[in-house]
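Notes for the one structure printed next.
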Amino acid sequence: MRRIIKPALLIILSLLLIVIIFARLSGTELSAPAETPVPKTSPIPSEETEPQPEYFTFNFVGDNTLDGAGFAATTEGRADFPYANTKKYFEGGEFNFANLECIISDSSLYSDSLFHFKAPTRFTEMLTWAGIDFVTTANNHTMDYGQRGLEDTLAALDAAGIAYGLHDRTTVYTTANGIRLGIYCASNTVNIKSVEPAVTALKAENPDLIICAFHWGNEGSYRPTAAQTAIAHAAIDAGADFVYGSHPHVLQPLEEYGGGLIIYSLSNWSFGGNSRPADMDTAILQLNVMRDTDGIVSVVGYTLIPCRMSSLANYNDYCPTPYEEGTTEYDRAMSKLLGTYTGPDLVVDYSSLRPKPTEEPAEPTPSDTPASPEVTPEPSPPPESENTEVT
């Protein structure tokens, strides 16, 4: 028996040893097979973020009069000249607005207005180069050359792709990013009775913002009249968000009222009617506009950029240039915009430029005194219109 059992045991042990060596070489563990783990799936982190409000800039400047007092000769007809030193402020602007205070026409037209301005149609490039989107034509020079002049102006603006507002008319303008603006423009005859129904009519159009542009006030005055204030407040009370003013040819204050904003006058901008104005202060007003995630659009702030209406200090070359912050000129212009300016108003008197009525010669009276030799007075030099502030 032992001879039979021993060899068999050796054979079993040898086989077991072979199995162990083979298992180690193949990396197999001699243990109970473990359960295969079930893979767990974890969600992939989302790259989407919460919607954010959008912000836009609306730019406003004063009178653009592209004629008069050597404007064409000074600018050499260059499309880039009037906005050359300020274009950076308009680039990227969602809405750029100006007062167009001249007729645009290539026709030979007659005007009997004391002051009249007519620019060639190619000068619309001065506005498009700067990115002006909308102009108001509601001012006292709209009819300088009659109905034909107005029709030519509107045709030129249409051809240039510049939108416009007319006196006592409302319009809805949509910006490139889909902001709908209700705009009401009115000239010197503007009053509360016309403003309130106009704003109400615009509200029915459901615009995102309502803007009123008024040509009003007294020339040369740094303070709005009581009528200006009453009309502006009525516009805001009726639902307007912003009131823009022009005509005084000088800066007037900015006012926050009833949740809206009012600029009573932005003065001249590139103004060809005067080569040596008594006051060269002007400004760009930038409205900071937000479209919230729910689509509601609102004015959330503003920026004032004081400028001189010329690149030169003593002569108007019609190229507005920003003042350097901290200078006397900058502070002076800001004081006019903030309503703290204490200087006197300008004296504006056109009586010497207007034709005098013809008078009947007086009947000669008898005199015992021999008549003096007749003396012909020296003619007075013609008035220099370029040195006179005009409307």
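Could you grab me the full set of residues in the range 81-115 that are open to solvent by 50 Å² or more (accessible area, probe 1.4 Å), in a loop (DSSP other than H, G, I, E, B) and at pLDDT 95 or above?
Selection gives ASN85, GLU91, ASP106, SER108, TYR110.
Of the numbered conditions (1) open to solvent by 50 Å² or more (accessible area, probe 1.4 Å); (2) polar (S, T, N, Q); (3) under 25 Å from SER311 (Cα atoms), THR75 fails exactly one; give the number of that condition.
(1)
Do the conditions hold for ASN59, that is, is it in contact with an Asp or Glu (Cβ under 7 Å, 6 or more places away or on another chain), assigned to a strand (DSSP E or B), of a type outside the set (D, E, K, R) and open to solvent by less than 30 Å² (accessible area, probe 1.4 Å)?
No, not satisfied.
So how many residues does the range 174-197 have that are in contact with a strand residue (DSSP E or B) (Cβ under 8 Å, 6 or more places away or on another chain), closer than 20 Å to PHE134 by Cα, in contact (Cβ under 8 Å) with a residue 24 or more places away in the chain and surrounded by fewer than 22 Cβ atoms within 10 Å (Cβ to Cβ)?
Result for the range 174-197: 5.
For the range 123-159, what are the residues that are over 13 Å from PHE90 (Cβ atoms), of a type in the set (A, V, I, L, M, F, W, C) and crowded, with 20+ Cβ neighbours inside 10 Å?
PHE123, VAL135, ALA138, ALA156, LEU157, listed by residue number.
I'd like the full set of residues that are surrounded by fewer than 22 Cβ atoms within 10 Å (Cβ to Cβ), assigned to a strand (DSSP E or B) and acidic (Asp, Glu), limited to the range 234-287.
GLU255, GLU256
Give the range 160-172 a look and list any residue that's open to solvent by less than 60 Å² (accessible area, probe 1.4 Å), free of Cβ contacts under 8 Å to residues at least 40 places away in the same chain and either on the phi > 0 side of the Ramachandran plot or not β-branched (Val, Ile, Thr) (or both), or say none.
Once the filter is applied, which keeps residues that are open to solvent by less than 60 Å² (accessible area, probe 1.4 Å), free of Cβ contacts under 8 Å to residues at least 40 places away in the same chain and either on the phi > 0 side of the Ramachandran plot or not β-branched (Val, Ile, Thr) (or both), the range 160-172 yields ALA160, ALA163, LEU166.
For the range 226-233, does any single residue satisfy the condition of being modelled with pLDDT of 95 or more and not in a helix (DSSP H, G or I)?
no
If we keep just the residues of the range 288-299 that are under 18 Å from ASN96 (Cα atoms) and among the β-branched types (Val, Ile, Thr), which is surrounded by the fewest Cβ atoms within 10 Å (Cβ to Cβ)? Break it down into steps so the answer makes sense when it comes.
Residues of the range 288-299 under 18 Å from ASN96 (Cα atoms): 288-291, 297-299.
Cutting the leftovers down to among the β-branched types (Val, Ile, Thr) gives us 289, 297, 299.
Numbers: VAL289: 25, VAL297: 19, VAL299: 16.
Checking each candidate, the answer is VAL299.
Is it the case that GLY220 is open to solvent by 10 Å² or more (accessible area, probe 1.4 Å) and either out of contact with any Asp or Glu (no Cβ under 6 Å at 6 or more places or on another chain) or not hydrophobic (A, V, I, L, M, F, W, C) (or both)? Explain how you work it out, then say what you get.
Numbers: open to solvent by 10 Å² or more (accessible area, probe 1.4 Å): no; either out of contact with any Asp or Glu (no Cβ under 6 Å at 6 or more places or on another chain) or not hydrophobic (A, V, I, L, M, F, W, C) (or both): yes.
Spelling it out, it is not the case that GLY220 is open to solvent by 10 Å² or more (accessible area, probe 1.4 Å) and either out of contact with any Asp or Glu (no Cβ under 6 Å at 6 or more places or on another chain) or not hydrophobic (A, V, I, L, M, F, W, C) (or both).
Name the single residue that is most open to solvent (accessible area, probe 1.4 Å) among those in the range 300-314 being part of a loop (DSSP other than H, G, I, E, B) and closer than 25 Å to PRO253 by Cβ.
Pass one, the range 300-314, residues part of a loop (DSSP other than H, G, I, E, B): 309-314.
Checking which are closer than 25 Å to PRO253 by Cβ leaves us with 309-310, 313.
Details: MET309: 0, SER310: 0, ALA313: 81 Å².
Top of the filtered list is ALA313.
Which of (1) outside any strand (DSSP E or B); (2) within 18 Å of ASN99 (Cβ to Cβ) does GLU324 not meet, given it meets every other one?
For GLU324, the failing item is (2).
Looking only at the range 297-314, which residues are out of contact with any Phe, Trp or Tyr (no Cβ under 7 Å at 6 or more places or on another chain) and within 30 Å of GLY182 (Cβ to Cβ)?
Within the range 297-314, VAL297, SER298, VAL300, GLY301, TYR302, THR303, LEU304 qualify.
When only residues in the range 327-349 that are without any contact (Cβ under 8 Å) to a residue 60 or more places away in the chain and part of a loop (DSSP other than H, G, I, E, B) count, which is farthest from PRO253 (Cα to Cα)?
Per the criteria, the residue is ASP349.
Got a sec? Which of GLU374, GLU384 is open to solvent by 60 Å² or more (accessible area, probe 1.4 Å), acidic (Asp, Glu), at pLDDT below 85 and more than 25 Å from HIS141 (Cβ to Cβ)?
Of GLU374, GLU384, the one residue that is open to solvent by 60 Å² or more (accessible area, probe 1.4 Å), acidic (Asp, Glu), at pLDDT below 85 and more than 25 Å from HIS141 (Cβ to Cβ) is GLU374.
The values are calculated or read from the model by the stated rules, or taken from the named source; none is laboratory data. What you see is a predicted model, and the numbers here were worked out from it, not measured in a lab. Don't worry about glycine lacking a Cβ; one is built from the backbone with ideal geometry, like all the others, and counts go over all protein chains shown. SASA here: full protein model, heavy atoms, side chains in, ligands and nucleic acids out. Shrake-Rupley method; radii C 1.70, N 1.55, O 1.52, S 1.80 Å.
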